[in-house]
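Only one structure is covered here, and it is reproduced in the block below.
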Amino acid sequence: MNELLDLYRTMVRIRAFEDAAEAASQGGVSWGGAATEGAEVRVKGPLHLSTGQEAVAAGVCAHLHARDLLTSTHRGHGHTLAKGADPARMMCELFGRASGYNGGKGGSMHIADFSVGMLGANGVVTAGLPIAVGAAHGLKIRGEDAIAVSFFGDGAINRGPFLEALNWAQIYRLPVLFVCEDNRISATTQSAPMTAGEQAASARAQALGIPAVQVDGNAALAVSEAARKLIEEIRAGSGPRLLHALTYRLKGHVSVDPASYRDPAEVAQALKNDPIVLARERLQAQGLGEQAAQIEREADEEIAAAVATASAAPLPPPEAAYSDVVSIGEGAWT
Amino acid sequence: MRTLSYAQAAALALQEAMQTHPHIVALGEDLGRGGVFGQYRSADGRCLAELFGSQRIIDTPISEATIMGAGVGMALAGLHPVVEMRVADFALCAIDELVNQAAKNRFMFGGQGRVPLIARLPIGIWTASAAQHSQSFEAWFAHIPGLVVVAPATPQDNYGLLKASLASGDPVVYMEHKELWGLQGEVDTQATAELGKCRVAFDEGEGRDLTVVSWSRQVHVCVDAARELAASGVRTRVLDLRTIWPWDREAVLAAASASGRLLVVHEAVQAAGFGAEVAATVAEHTGARVARLGAPRIPVGYAPTLEAESRINAAQVVQAARRLLAH
Ligand SMILES: Cc1ncc(C[n+]2csc(CCOP(=O)(O)OP(=O)(O)O)c2C)c(N)n1
């Protein structure tokens, strides 16, 4: 067992999944007008890719169990896969098929697999933090041996619920790990000039007495090591912790956004710093190049099969639009 | 006359108003880049931020509550802020600032202060954007005393009504439709629009058989339906309400009295929608038969088959009209 190989597998699966989703989202109208449309477009609507950020999802989720709970952002495919979801059912959801995790009701932006504790990607920035805090509070009240984790972007820390969630987690000493995926940008705007203070995600946590650790979010082993320590502390009853991972978004805000607002030199540099490239180089140096190549082939096959499954799967029938809205008195107590 | 998109028409209105009124500013996320839908980008492609500088087109953090709350404060300090919420769904993150602060200020403080603030809250289904990016909340805000609610359907109206809103002096919830941003149309920059006045979007035989009231994107669907009805001899008048509050009761009551039948059509969920207000008012004041057509009370789904259940199409409008005419 080689830890880097395991992390590499997770990262490569995420990359393969998102590359395939991106390919299936092309052909519609462009960003800035309407959403992605067109009969041939199989993944419609906004598709937020986490390309370049895979090491954070892989490194953190490597230390989670299925019973641990997770909330995510609009950029949630990586977190969902890393938490153990099935890529075929995920792809079905992105294709809007009845066999998708949400029955085609949510799509990419709301991808979720409750069976592995992944409580959902969210279309509202910062909304996942209070939910994760509540989940952690619920786990604590029920005396369950599990923790909650919330991923969020660097832009999300400027909404009020960030402060409220961190404060709440701290005063009730909740078992929750906050993970800031700091890709330095929020939609099309640079985050730095919009955010007061240096290393704001960590600094704000520390101001509330929550220990925070900064890590190179493109170094899978470093993320994993930092996450392992923090998660161990939380499991031992420490209360909340924050992991601040510095990374980079290699693609546009959504799949059809050409991201022309970024500095090409910065992008070129970031491509060299791609976490998958870095891990691959390292594995090569350790003489594990063949194993890495094998992992890549398996991921490609797995994701090609997921696309085939999703392409062949039927759309939900119209009447499904009326189910799971409300049904008074049904299934309230379990 | 110029041909402009719905988004460009609003940008032009804002640009012209900002040129003559130094107190107008705009604030919100991604405004420096022209807004995510290009609604802060002039017809020649330049960002309004280039024209007016970052002091007047203000790029903000992702902080909806403070964007709206700061707008209230700016207004009390003498500015006329345009507060950008990207989509109405995210304005729910700023609901106290809009409902308890902006809407109440003038009344609660005995008229000492006024809040001339435009809250741009785009509504409507946005293809394949699912349940958190597709909602139509106009009825919520119509329910709140102190707010004006505007919902333009055409580039001309997005130009004229934004200008009228900027001049109104009170908080205006300005609801553009996300699927209309690209709609092209002629814009007469000399024409003015008045809040509280509807527009005749279609009139066949002076609408002697049926009055249809609608607004926003649904107006275009209703016009298609009215054309189809006209082909089979039904004389329909389609009124585009344009402002939800104050709404043009007089014009609607007059048309409904004359035709004896009123159908209100909106994209929002039908239950407790603004169509109920229009229908009830017409029923109270005329002998007209009334009917409503809105979305079922379901969140907007992602898959095309599910999303379609929330869309009101021309065939459904025709069917509802025929049902109404059959009695
Ligand atoms: C409350 C809210 N405001 C605005 C948006 C629009 N929006 C979607 S993603 C995004 C940028 C978020 O930046 P960040 O939190 O850094 O995450 P990233 O996209 O970089 O992963 C914005 C502004 C939203 N979805 N929700």
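Does region A:286-309 include one or more residues that are touching a strand residue (DSSP E or B) at 6+ places or on another chain (Cβ under 8 Å), closer than 19 Å to A:Glu54 by Cβ and assigned to a loop (DSSP other than H, G, I, E, B)?
Initially, region A:286-309 is screened for residues touching a strand residue (DSSP E or B) at 6+ places or on another chain (Cβ under 8 Å), giving none.
No: region A:286-309 contains no residue that is touching a strand residue (DSSP E or B) at 6+ places or on another chain (Cβ under 8 Å), closer than 19 Å to A:Glu54 by Cβ and assigned to a loop (DSSP other than H, G, I, E, B).
How do the strands (runs of 3 or more DSSP E) wholly within region B:166-251 filter down when requiring 1 or more residues that are open to solvent by 30 Å² or more (accessible area, probe 1.4 Å): which remain? Quick ask: steps written out before the conclusion?
Values: elements: B:172-174, B:184-187, B:199-203, B:210-214, B:236-240, B:243-245.
By residue number, B:184-187, B:199-203, B:236-240, B:243-245.
Condition first: within 16 Å of the ligand (Cβ to nearest atom) and either aromatic (Phe, Trp, Tyr) or buried (at least 23 other Cβ atoms within 10 Å of the Cβ) (or both). Can you find one or more residues in region A:91-106 that meet it?
The answer is yes; a qualifying residue exists.
Output yes when any residue across region B:218-225 is farther than 30 Å from A:Gly45 by Cβ and in contact (Cβ under 8 Å) with a residue 40 or more places away in the chain, and no when none is.
No: zero hits.
With a cut-off of at least 1 residues that are acidic (Asp, Glu), name the strands (runs of 3 or more DSSP E) lying wholly within region B:1-76.
B:57-59
Check A:Ala279 against each of (1) over 27 Å from A:Asn2 (Cα atoms); (2) open to solvent by less than 80 Å² (accessible area, probe 1.4 Å) and name the one condition it does not meet.
(1)
How many residues does region B:59-96 hold that are more than 11 Å from chain A (Cβ to nearest Cβ) and open to solvent by 30 Å² or more (accessible area, probe 1.4 Å)?
Qualifying residue count for the region: 9.
Which condition from (1) over 24 Å from the mean Cα position of the chain (by Cα); (2) within 23 Å of A:Asp19 (Cβ to Cβ) is the one that A:Gly329 breaks?
(2)
Would you call B:Ser54 within 16 Å of the ligand (Cβ to nearest atom), hydroxyl-bearing (Ser, Thr, Tyr), within 14 Å of chain A (Cβ to nearest Cβ) and touching a helix residue (DSSP H, G or I) at 6+ places or on another chain (Cβ under 9 Å)?
no
Can you report the number of residues in region B:28-48 which are touching a Gly at 6+ places or on another chain (Cβ under 7 Å) and under 14 Å from A:Tyr261 (Cβ atoms)?
Result for region B:28-48: 4.
Of everything in region A:305-316 that's open to solvent by 60 Å² or more (accessible area, probe 1.4 Å) and in contact (Cβ under 8 Å) with a residue 60 or more places away in the chain, which residue is farthest from the other protein chains (Cβ to nearest Cβ)?
A:Thr309
Could you please find all residues in region B:255-271 being more than 15 Å from B:Glu284 (Cβ to Cβ) and in a helix (DSSP H, G or I)?
B:Ala255, B:Ala258, B:Ser259, listed by residue number.
Answer with yes or no whether B:Ile125 is open to solvent by 10 Å² or more (accessible area, probe 1.4 Å) and either assigned to a loop (DSSP other than H, G, I, E, B) or within 15 Å of the ligand (Cβ to nearest atom) (or both).
Answer is no for this residue.
Okay, residues lined up against (1) open to solvent by 10 Å² or more (accessible area, probe 1.4 Å); (2) within 14 Å of the ligand (Cβ to nearest atom); (3) assigned to a helix (DSSP H, G or I):
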position	(1), (2), (3)
A:Ser115	yes, no, yes
A:Val125	yes, yes, no
A:Ala135	yes, no, yes
A:Lys140	yes, no, yes
A:Phe151	no, yes, no
A:Ala156	no, yes, yes
A:Leu163	yes, no, yes
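Please work out if A:Thr195 is surrounded by fewer than 24 Cβ atoms within 10 Å (Cβ to Cβ), modelled with pLDDT under 95 and closer than 23 Å to A:Glu266 by Cα.
For A:Thr195, the condition - surrounded by fewer than 24 Cβ atoms within 10 Å (Cβ to Cβ), modelled with pLDDT under 95 and closer than 23 Å to A:Glu266 by Cα - is not met.
Looking at (1) more than 25 Å from B:Glu307 (Cα to Cα); (2) part of a helix (DSSP H, G or I); (3) out of contact with any Phe, Trp or Tyr (no Cβ under 6 Å at 6 or more places or on another chain), can you tell me which one A:Ala88 breaks?
(1)
Which numbered condition in (1) touching a helix residue (DSSP H, G or I) at 6+ places or on another chain (Cβ under 6 Å); (2) on the phi < 0 side of the Ramachandran plot; (3) free of Cβ contacts under 8 Å to residues at least 40 places away in the same chain is the only one that A:His110 fails?
Every condition holds for A:His110 apart from (1).
Collect the residues in region A:206-254 that are in contact with a His (Cβ under 8 Å, 6 or more places away or on another chain), open to solvent by less than 20 Å² (accessible area, probe 1.4 Å) and in a helix (DSSP H, G or I), keeping them in residue-number order.
Correct list: A:Ser224, A:Ala227, A:Ile231.
Here are B:Ala321, B:Ala295, B:Ala272: which of them is more than 14 Å from every other protein chain (Cβ to nearest Cβ), open to solvent by less than 10 Å² (accessible area, probe 1.4 Å) and in contact with a helix residue (DSSP H, G or I) (Cβ under 8 Å, 6 or more places away or on another chain)?
Numbers: B:Ala295 fails: more than 14 Å from every other protein chain (Cβ to nearest Cβ); B:Ala272 fails: open to solvent by less than 10 Å² (accessible area, probe 1.4 Å).
Within the list B:Ala321, B:Ala295, B:Ala272, the selection yields B:Ala321.
Identify, please: which residue in region B:1-30 is facing another protein chain (nearest Cβ under 10 Å) and crowded, with 24+ Cβ neighbours inside 10 Å and is, among those, farthest from the ligand (Cβ to nearest atom)?
B:Ala7
The values are calculated or read from the model by the stated rules, or taken from the named source; none is laboratory data. Here the structure is a predicted model, which means the values were calculated and not measured. Reconstructed Cβ throughout: ideal geometry from the backbone, glycine too, with neighbour counts over all protein chains shown. What goes into the accessible areas is simple: the full protein's heavy atoms, side chains included, and nothing from ligands, DNA or RNA. Shrake-Rupley method; radii C 1.70, N 1.55, O 1.52, S 1.80 Å.
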